[in-house]
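Written below as structure tokens is the structure these notes are about.
The values are calculated or read from the model by the stated rules, or taken from the named source; none is laboratory data. It should be emphasised that the depicted structure is a prediction, and the values quoted were computed from it without experimental measurement. Cβ coordinates were reconstructed from backbone atoms using ideal geometry, including for glycine residues, and neighbour counts include every protein chain displayed.
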């Protein structure tokens, strides 16, 4: 038998879970949009990342830069390389906006982490 206290607790828990799910939905949609933009930029940035890097998710088989599927860099590492350049890789801070760098960094970090 359910008590009033139990029913109220259940209702509050349900409301909290529903509210949390609704608040997270835009974040998931935003991440999907960022991933799509990042994938597009991987192929279209000047110069294109795909020219030098291998990344299976992007269908890229570049042979100059590191194989990103093996390196599995996190987003911060990718963003730093895009802003500052590293080794033979040029800086992209003059050609990509911060939003583009964030999207590309997210994409590379998530795509390279796929098994």
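For this structure, a couple of remarks:
- Residue in the range 69-81 that is touching a strand residue (DSSP E or B) at 6+ places or on another chain (Cβ under 8 Å), in a strand (DSSP E or B), surrounded by 15 or more Cβ atoms within 10 Å (Cβ to Cβ) and modelled with pLDDT of 95 or more present: no
- If you go through the range 30-51 and keep only what is in a helix (DSSP H, G or I) and surrounded by fewer than 16 Cβ atoms within 10 Å (Cβ to Cβ), you end up with 30, 31, 32, 33, 36, 40, 43, 44, 51.
- Selection count where residues are part of a loop (DSSP other than H, G, I, E, B) and either at pLDDT below 95 or surrounded by 13 or more Cβ atoms within 10 Å (Cβ to Cβ) (or both), scope the range 59-68: 5
- Check on residue 18, modelled with pLDDT under 70 and either loosely packed, with under 11 Cβ neighbours inside 10 Å or outside any loop (DSSP other than H, G, I, E, B) (or both): yes
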